[in-house]
Amino acid sequence: MQRFLNDPDDIVDETVRGFVRAHADRVRLCDGNARVVVARDAPVSGKVGIVTGGGSGHEPAFVGYTGAGMVDATAIGELFSSPTAKSFHDAIKAADGGAGVVVLYGNYAGDNMNVKMASRMAAKDGVEVLTVVANDDVSSAPPEEREKRRGVAGEIFMWKIGGAKAAEGADAAAVRDAAQGAIDACRSVGVGLAPCTLPAVGHPNFSIEAGTMEMGIGHHGEPGTSVTKLGTADEIASEMTRIVLDDHDLPSGTEVAVLVSGLGATPRGELYVLYDRMARDIEDRGLKIHKAYVGDYFTSLEMVGATLTVMALDDERKRLLAASTDCPAFGAA
Amino acid sequence: MQRFLNDPDDIVDETVRGFVRAHADRVRLCDGNARVVVARDAPVSGKVGIVTGGGSGHEPAFVGYTGAGMVDATAIGELFSSPTAKSFHDAIKAADGGAGVVVLYGNYAGDNMNVKMASRMAAKDGVEVLTVVANDDVSSAPPEEREKRRGVAGEIFMWKIGGAKAAEGADAAAVRDAAQGAIDACRSVGVGLAPCTLPAVGHPNFSIEAGTMEMGIGHHGEPGTSVTKLGTADEIASEMTRIVLDDHDLPSGTEVAVLVSGLGATPRGELYVLYDRMARDIEDRGLKIHKAYVGDYFTSLEMVGATLTVMALDDERKRLLAASTDCPAFGAA
Amino acid sequence: MMASFPNAGSGGIVRDIAAVIVENRAYLSEIDGKIGDGDHGVNMAKGFGRAAERIAPDASLSDALSTLSDVLMSEIGGSMGPLYGMFFAEMSETVAQDTHIDGARFAAMLRAGLEGIEAVGAAKVGDKTMIDALVPAVEAAEANRSDITAQLREVASAAEAGRDSTTDMVAKLGRAARLGERSRGVPDAGATSCALILRNLCDGAARRLEQG
Amino acid sequence: MMASFPNAGSGGIVRDIAAVIVENRAYLSEIDGKIGDGDHGVNMAKGFGRAAERIAPDASLSDALSTLSDVLMSEIGGSMGPLYGMFFAEMSETVAQDTHIDGARFAAMLRAGLEGIEAVGAAKVGDKTMIDALVPAVEAAEANRSDITAQLREVASAAEAGRDSTTDMVAKLGRAARLGERSRGVPDAGATSCALILRNLCDGAARRLEQG
Ligand SMILES: Nc1ncnc2c1ncn2[C@@H]1O[C@H](COP(=O)(O)OP(=O)(O)O)[C@@H](O)[C@H]1O
Ligand SMILES: Nc1ncnc2c1ncn2[C@@H]1O[C@H](COP(=O)(O)OP(=O)(O)O)[C@@H](O)[C@H]1O
Ligand SMILES: [Mg+2]
Ligand SMILES: [Mg+2]
Ligand SMILES: [Mg+2]
Ligand SMILES: [Mg+2]
């Protein structure tokens, strides 16, 4: 694997530093914690603070969604590892404008534990912390065990809806409810065609035999639910759509937002090839696509693969989705 | 190479179809030519039309820069091949709001010929066509032969500046001059760490031996000016900055816009690692970074590598760069 | 053996040329990939293959050339759209009114094709392009106007010799130009396809001559 | 041979544990990669390696454990930050006032460590986690309170047997859970690092016992 690399131990610090340098018009580093990125205007007095955080290697997630109208402060972990409880705590402090903080994060063992510990620390400071945990990945547990499912690219919609609701001036409970509603309305699936390599490890985590693919792969290369013959783009797109919509079970006529994200090394053109088929399949199931996003929104280092996320909309979510945002990965460039 | 693919012959049509489907709020297909994408509001009566075009495989370029405030109509070619003269001509017609059309394209043999033929066809229709040809790639010819240099990611700045100038209501000559000034103010360099594969060919065009890299590589895998030992990210970033700024020779204190683009399969995090070093080197040369863009802006299928573009700014370019745009790859998401 | 071959019914020559281009798809892309971007074979095969399907079984040579030109210009683009598009368009126009094509008309046809290319491109002999195969071929055609049999033989070999001459050239134009010494050692892709086209055009014409 | 080892000056045991974790960096990542995300060895080695540098040469066991806990919790994060962070924090607090650690205190220390983990995670025996190595180890420690030499031997082997038991388990928690049958056949990464830690803790303590 040929890559741009200095010392593998420094990659996260360098990424964050480069990120903050590039987007200094919109974000800054937290005082005293180089693993927390804060929106330029945060904390906004009287506004509910939005916090997220997660492992590195998913760029532009998580850090790229920090900015006005979206996330106020983001805690950053090692590659594929939850941020420390301390970083979540510092992010909470940085986001707190006196109206409480809502932490919107993904359902992983480390994040659950670190957010819980951080919330306890914040409670001691007298900051009210509410949480919503994303569990949109349908392949990671059966429907009866939704609480076990991982959070994947649906988190972006959760941040967008929660962030916009907070920007409108809603109180903490209402922001939590909007974000919870958003993630409840999301279903995602991922497919992997080639693995990724943690630079410090130097070889791929796992292998995908040539001619096969992992349907249901996780955002860290967690193996899929099935290894099958590599299909055509159309076959893969249809299968992903089927998995998501069979689980979602939306009434005909429902308006949806669709997000197709590459996993890091998939050419953008191929994402559009997938979307072309997915969109027709989604419409064939009687749904109406209100808005689509196709690009590298939530990646896994240089994995070859893609994810599909479908969020059901109602009038409120449509309004919040359209609200202006200004973060590096979503909104004005 | 594992990829999302149906029939390789259909990949461009499918990509364009998926693109237009995903971004139907901002673009549409040209009537009668499925290889021309038109901004929703084009032609704007009385506004100078902006046209570009180029081969496919560079997504989000060229098509993604179609939209309000940027490009009115984009002609699309086969993978790595110029669009037909007919498509350029159709794009010119679609962009023409009665105030003339400026075609802003890259310096490649095919594009030069096809744009020239299209301009002749348009002249017969009575449409005034001016052209600007981008030649920002410093590695593709020595400074004395700037007219031979290829156009690469600097084209994005050329479209942005030209598009914003047209949106302000300037006449064709003024738009041409602004775009020409922008590209004259740009210098770019690319580095390749691993090659890409045209799906119809099925194996990479060229090889890059493990442990080496191609400095000065072109956007289609045109070999670099030198093959050297793969450096650290810092070494590569410094060398790229040196190549660009040695050629650019800007007075100390000049404000610049910087664009770092991945070539398709480079993780976004690594681009920030590169930027972190580049930004410091640029500032060490006495320049001031006014605005930075880091992401996949102009790719080459799944090549591993990156490009650096530096544009010198003046007050006009700063204003035009900040002007609002709404195209899928640049501006509001 | 006749001194000319009929225009009518000779469209099959173009279909045969197309078949050879399609066969050489991988090879043409490979040599383009070495110093260019690897798409030459893909695009040529797409254009020629599509054109072949649209050439009527009994088409004349000039009609077949015209169909080929149209497909290249309006559907393929790239560099080949305008270059070969103009090449075949001018060739087609030159012989459109001829019932038979003799050595003089054959030479005129190739000269017009070359001028078509020169009208859009600006390559000269020695730049390592298709021009290096084409110019010697046109010269051979003009030097052998009076003996079409010899002419067809000479044109084909001149084109191939011209193609071979590109191997040792340093590219001066197009994508490969900045490579300098690194562009040496590989034949030019356009010169290679051009030699294939001319070889098969000549061989096809020779067969039509024999059929009288 | 003594029935207890001193707290003071026993921090070297923690440095030795760290060295072993750093040595096993690649292996721990590899088994995590098979059914998880491959970062276990990387993060463990980073945290333990960093902590080792900060443990004073003459540190007590309780101080060394506290340093290790701090680094894991405040600099490493992941799952290991809170889990091992709490583990070592509770162990450290339990023996902080002890000048000597005998079998009863050793058992109490491990029990507190286990409870620390249980306070943040919710794994049970059989879920294929570090708990499967730790619970039998704590039970062995409690069953052998009166004979610390035997206790140290039994704790280490119970941890290793517990680790081995995870190989054949189907994961019920964490990243590997949805894999079902595909998670069988690989030992759990956390159980493996936990067995390494306990083996080296016991061996280190036994050496301190011998030194009296
Ligand atoms: N100006 C020109 N005149 C004649 N031939 C040219 C010119 N520029 C390029 N060529 C030919 O084009 C060939 C490459 O064609 P192709 O690969 O299809 O297009 P592109 O270079 O746009 O990818 C070269 O091998 C060369 O022979
Ligand atoms: N709730 C839990 N309780 C105890 N151990 C757990 C729990 N969740 C996960 N683990 C342990 O964590 C290990 C993985 O650690 P690591 O790879 O460092 O973190 P992550 O899973 O976040 O990548 C697993 O092998 C398992 O032993
Ligand atoms: Mg992890
Ligand atoms: Mg090309
Ligand atoms: Mg080519
Ligand atoms: Mg792990």
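Read-outs throughout are calculated quantities, based only on the coordinates presented, and are distinct from any laboratory measurement. In this text, all values refer to a predicted model and were calculated from it rather than measured experimentally. Here Cβ is always computed from backbone atoms with ideal geometry, including for glycine, and neighbour counts include all displayed protein chains.
Just for chain A, what percent of DSSP beta bridges are antiparallel, to the closest 5? Before the final figure, lay out the partial values.
On the way: 31 of 55 bridges.
Of all bridge pairs located within chain A, approximately 55 percent are antiparallel.
Provide C:Lys124, B:Lys86 in ascending order of the number of other Cβ atoms located within 10 Å of each residue's Cβ, fewest first. Mind showing how you got there, number by number?
Details: C:Lys124 13, B:Lys86 21.
With the fewest neighbours first, C:Lys124, B:Lys86 line up as C:Lys124, B:Lys86.
Between B:Gly264 and residues 5 or more places away or on another chain, which pairs have amide H atoms under 5 Å apart, with H built 1.01 Å from N, and which residues are they?
B:Ser300, B:Gly305
Put a label point 7 Å from Cα along the Cβ direction on D:Met2, then list its distances to the equivalent points in the other copies in nm, shortest first.
Result for D:Met2, in nm, nearest copy first: 11.5.
In segment D:4-211, if the dipole is taken from +1 on Lys/Arg beta carbons and -1 on Asp/Glu beta carbons about the Cα centre, which of D:Ile31, D:Cys194, D:Pro82 is farthest to the positive end?
D:Ile31
Which of these, B:Phe157, B:Phe206, B:Phe298, has the largest mean-square fluctuation under a Gaussian network model of chain B (Cα springs below 10 Å)?
B:Phe206
To the nearest whole number, what is the average tally of beta carbon atoms from other chains within 10 Å of the beta carbons of peptide A:285-297? Intermediate values should be presented prior to the final figure.
On the way: counts 0, 0, 0, 0, 3, 1, 5, 7, 4, 9, 9, 5, 1.
Across A:285-297, the average partner-chain Cβ count within 10 Å equals 3.
Would you please classify the overall shape of segment B:186-312 from the alpha carbon gyration tensor, given that a ≥ b ≥ c denote the square roots of the eigenvalues, rounded means a/c under 1.5, and beyond that prolate means a/b larger than b/c while oblate covers the rest?
Taking the square roots of the gyration eigenvalues as a ≥ b ≥ c, segment B:186-312 is prolate.
Work out from phi, with θ = phi - 60° and the Karplus expression 6.51 cos²θ - 1.76 cosθ + 1.60, the ³J(HN,Hα) of each residue of segment B:239-251, listed in order in whole Hz, and give x for Gly and Pro.
3J(HN,Hα) across segment B:239-251, in whole Hz: 5, 4, 4, 4, 4, 5, 7, 4, 6, 6, 6, 9, x.
Calculate for chain C the 222 nm mean residue ellipticity that helices alone would give, adding -39,500 (n - 2.57) per DSSP H run of length 4 or more and normalising by residue count, nearest 500 deg cm²/dmol.
On the way: 9 runs with 139 residues, N = 212.
-21500 deg cm²/dmol, from helical runs alone.
Suppose R0 equals 41 Å; then what is the FRET efficiency for C:Arg54 and B:Asp41 from their Cβ-Cβ distance, rounded to the nearest 0.05? Before the final figure, lay out the partial values.
Working: r = 38 Å, r/R0 = 0.92.
Step by step, r from the Cβ atoms, then E = 0.65.
With labels modelled as points extended 7 Å from the Cα through the Cβ direction, what inter-label distance (nm, one decimal) is found for A:Ala174 paired with A:Asp31?
It is 3.1 nm.
For a label point 7 Å from the Cα of C:Ser146 along Cα→C-beta, name the residues of segment C:1-29 whose backbone N is under 20 Å from it.
Residues C:1-5 fall inside that zone.
When a/c is below 1.5 the answer is rounded, else prolate if a/b is larger than b/c, else oblate, so apply that to chain A with a ≥ b ≥ c taken from the square roots of the Cα gyration tensor eigenvalues.
Working: a/c = 1.75, a/b = 1.24, b/c = 1.42.
Taking the square roots of the gyration eigenvalues as a ≥ b ≥ c, chain A is oblate.
Arrange the peptides D:146-156, C:182-192 so that the one whose residues have, on average, the most other Cβ atoms within 10 Å appears first.
Numbers: D:146-156: 19.5, C:182-192: 23.7.
Top to bottom by mean Cβ count within 10 Å: C:182-192, D:146-156.
Mind listing the phi-derived Karplus ³J(HN,Hα) values for segment B:70-79, rounded to whole Hz, using 6.51, -1.76 and 1.60 with θ = phi - 60°, and x for any glycine or proline?
Ordered by residue, 3J(HN,Hα) equals 9, 9, 7, 8, 10, 8, 10, x, 4, 4 Hz.
Once a ≥ b ≥ c are taken as the square roots of the eigenvalues of the Cα gyration tensor of chain D, is the result rounded (a/c under 1.5), prolate (a/b larger than b/c) or oblate (a/b not larger than b/c)? Let's see the in-between values first.
On the way: a/c = 1.93, a/b = 1.44, b/c = 1.33.
Because a/c hits 1.5 or more and a/b exceeds b/c, chain D counts as prolate.
Is there a simple number for the mean count of other chain Cβ atoms within 10 Å of the Cβ of residues in B:248-255, and what is it?
Values: counts 0, 0, 0, 0, 0, 0, 0, 0.
Per residue, the average neighbour count from other chains is 0.
What residue of chain B has the nearest C-beta to the axis that moves B onto A, and what is that distance in Å, given as a whole number?
Here the nearest residue and distance are B:Ala265, 2.
How big is the gap, in Å, between the Cα center of segment A:174-226 and the Cα center of segment B:127-164?
Here the two parts' Cα centres lie 40 Å apart.
Put the label 7 Å from Cα along Cα→Cβ for C:Glu53; what are its distances to the other copies, in nanometres, shortest first?
Counterpart label points of C:Glu53 in the remaining copies fall at 6.5 nm.
For A:Ala210, place a label point 7 Å from Cα along the Cα-to-Cβ direction in every copy; what are the distances to the other copies, in nm, shortest first?
Nearest first, the other copies' label points are 1.5 nm away.
Tell me, how many Å apart are the Cα centres for segment D:141-173 and for segment A:14-76?
Spelled out, the Cα-based centre of one part sits 44 Å from the other.
For chain A, what is the mean residue ellipticity at 222 nm derived from helices alone (per DSSP H run of n ≥ 4: -39500 (n - 2.57); sum divided by total residues; nearest 500 deg cm²/dmol)? Walk me through the intermediate numbers first.
Working: 8 runs with 108 residues, N = 333.
One gets -10500 deg cm²/dmol as the mean residue ellipticity at 222 nm.
If you find the alpha carbon centre of segment C:22-45 and of segment D:110-124, how far apart are they in angstrom?
Distance between centres, Cα-based: 64 Å.
Mind ranking B:9-15, A:324-330, A:216-222 by how tightly packed they are, going by the mean number of other C-beta atoms within 10 angstrom, highest first?
Those peptides, ordered most packed to least, come out A:216-222, A:324-330, B:9-15.
Each residue of segment D:12-23 in order: what ³J(HN,Hα) in whole Hz does its phi give by Karplus 6.51 cos²θ - 1.76 cosθ + 1.60, θ = phi - 60°, with x for Gly and Pro?
x, 4, 5, 4, 5, 4, 4, 4, 5, 5, 4, 4
Please average, across the residues of B:232-238, the number of beta carbons from any other chain that are within 10 Å of each residue's own beta carbon, and give a whole number. Please list the in-between numbers first.
Working: counts 4, 9, 6, 2, 3, 3, 0.
Counting Cβ atoms of other protein chains within 10 Å of each residue's Cβ and averaging gives 4.
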